[in-house]
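Notes follow once the structure below has been shown.
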Amino acid sequence: MNKTLAGVLTLLAVACGFSWAQAGDGSRPATSNAPSSQYPRVYPDLRVAFRVTAPGVQKIQVGGGDGLGKGPFDMVRDEKGVWSVTIPPAQPGFHYYWLIVDGFQCNDPGSQTYFGYNRETSGVELPDKVDFYDAKDVPHGEVRMRWYFSKVTGQWRRACVYTPPDYDWNTKARYPVLYLQHGSGENELGWTKQGRANFILDNLIAARSAKPMIIVMENGMVAARAGAAPVAMAPAPAAGRGGPRGNEAFEDVVIHDLIPMIDATYRTMRDREHRAIAGLSMGAGQALQIGLTHLDTFAYIGSFSGAIRGFDLKTSYNGAFADPAAFNRKVRLFWVGAGLAEPNMHKTAEDLHAALDKAGIRNIFFECPFAHEWQTWRYDLNDFAPRLFR
């Protein structure tokens, strides 16, 4: 192809908003960009170029998640007021990021937004060598938005519900359920928008590596209703930072509102042997708290990057681990994972795994090379889901 034709095709791609437009340096617009946006651009070696036009400001920086590297990164302005910076090679996967404009934090207009850090923020997707979370030519399930009224909070709530590819036509089938929770500062959209949980399950189910299942994703930030008595929480190690999070009522919502609504609405298998709970970071703490103190409800429990502090084999989680033989009879899977690049989470997960092994309690420990970000949790789900309901 001659250079003139290549240039014309590139301009057409830009005009039409196609994300495959590639520069001569091999860079491409990130798949997470807003339609037609050419920046951020990702290089083959995972350097990332950011660019924004803002002639009237004095300083712009790019800040972001751990996997982008040690920032913030200073942008440089040209004579037309266009600011740009290319950062060193970053980690694969999805990273939240933001612009700091004269000290004010804001979103990049070139990016789509994702709910994280308790706000809508920019995000950039960098390719990995794997494709287990990509959309492929396989049967796809659906992610449904289900509104329901919570008696615990006295408010309407929204859950995201993944139904497997055969749900609508295999009408005599009933399905096991995984309750899957996001982390602090995120919401019920995170596991599909940032985590691609639906594509992960589509691909696993198509490969017959995982059982077809329903996945329920709710917003874990559930404060107690005004005037309500405090929720009785079992003594347990903290997850993440200490102090109130505004999620005190989530356990009650799951047990008294969410599970009954899901079982009444969808064709579920309504016993503990076909019910799992897992989550990431704050959601890992919630999954451990809810799962381990309600073993009559859940037989499969997963902790993705949970900060498990002060663990005591005899007393934590109402003594769920105190009798190893009884635990092994009751719990079908206890799964703990963390990234090697999140040292605090990794150490607590590894310590818990060692303590359980020493006590003779069956458990799975999983690690991957990434930080406290969505790439770790994508890998976690890809390992966890195939182990369920076997």
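The values are calculated or read from the model by the stated rules, or taken from the named source; none is laboratory data. Computed from a predicted model, the values in this text were never measured in an experiment. Methodologically, a virtual Cβ is constructed for each residue, glycine included, from the backbone with ideal geometry; neighbour enumeration extends over all protein chains shown.
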- Residue that is modelled with pLDDT under 95 and at positive phi, where the choices are Gly69, Gly7: Gly69
- Query: Do we have Ser150 as in contact with an Asp or Glu (Cβ under 7 Å, 6 or more places away or on another chain) and either polar (S, T, N, Q) or farther than 24 Å from Arg390 by Cβ (or both) here?
  - Reply: yes
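Phe104 - would you say it is within 23 Å of the chain's Cα centre (by Cα), modelled with pLDDT of 95 or more, of a type in the set (A, V, I, L, M, F, W, C) and over 22 Å from Asp25 (Cβ atoms)? Spell out the reasoning first.
Values: within 23 Å of the chain's Cα centre (by Cα): no; modelled with pLDDT of 95 or more: yes; of a type in the set (A, V, I, L, M, F, W, C): yes; over 22 Å from Asp25 (Cβ atoms): yes.
Considered against the rule, which asks whether it is within 23 Å of the chain's Cα centre (by Cα), modelled with pLDDT of 95 or more, of a type in the set (A, V, I, L, M, F, W, C) and over 22 Å from Asp25 (Cβ atoms), Phe104 comes out as no.
Got a sec? Which of Ile364, Ile308 is closer than 30 Å to Glu125 by Cα, of a type in the set (A, V, I, L, M, F, W, C) and either touching a Cys at 6+ places or on another chain (Cβ under 8 Å) or buried (at least 21 other Cβ atoms within 10 Å of the Cβ) (or both)?
Numbers: Ile364 fails: either touching a Cys at 6+ places or on another chain (Cβ under 8 Å) or buried (at least 21 other Cβ atoms within 10 Å of the Cβ) (or both).
One residue alone meets the criteria, Ile308.
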- Query: With respect to the numbered conditions (1) hydroxyl-bearing (Ser, Thr, Tyr); (2) under 18 Å from Leu46 (Cα atoms); (3) touching a residue at least 60 places away in the same chain (Cβ under 8 Å), which one is the sole condition not fulfilled by Tyr114?
  - Reply: (2)
- Could you run through segment 54-70 and say how many residues are under 30 Å from Trp374 (Cα atoms) and assigned to a loop (DSSP other than H, G, I, E, B)? 4
- Note on the structure: Screening Tyr96, Tyr43 for residues that are buried (at least 20 other Cβ atoms within 10 Å of the Cβ) and either at pLDDT 95 or above or of a type in the set (Val, Ile, Thr) (or both) leaves only Tyr96
- Message: If Leu340 meets every condition in (1) surrounded by fewer than 17 Cβ atoms within 10 Å (Cβ to Cβ); (2) on the phi < 0 side of the Ramachandran plot; (3) out of contact with any Cys (no Cβ under 8 Å at 6 or more places or on another chain) apart from one, which number is that one?
- Response: (3)
- Can you list the helices (runs of 4 or more DSSP H) found entirely within segment 278-378 that contain at least 1 residues being among the charged types (D, E, K, R) and over 16 Å from the mean Cα position of the chain (by Cα)? 324-330, 343-359
- What are the pairs, 6+ residues apart or on separate chains, where a residue within segment 165-192 that is assigned to a loop (DSSP other than H, G, I, E, B) has its Cβ under 7 Å from a residue that is among the basic types (Lys, Arg)? Ala173/Arg267; Arg174/Arg267; Pro176/Lys211; Pro176/Arg275; Ser184/Arg245; Glu188/Arg158
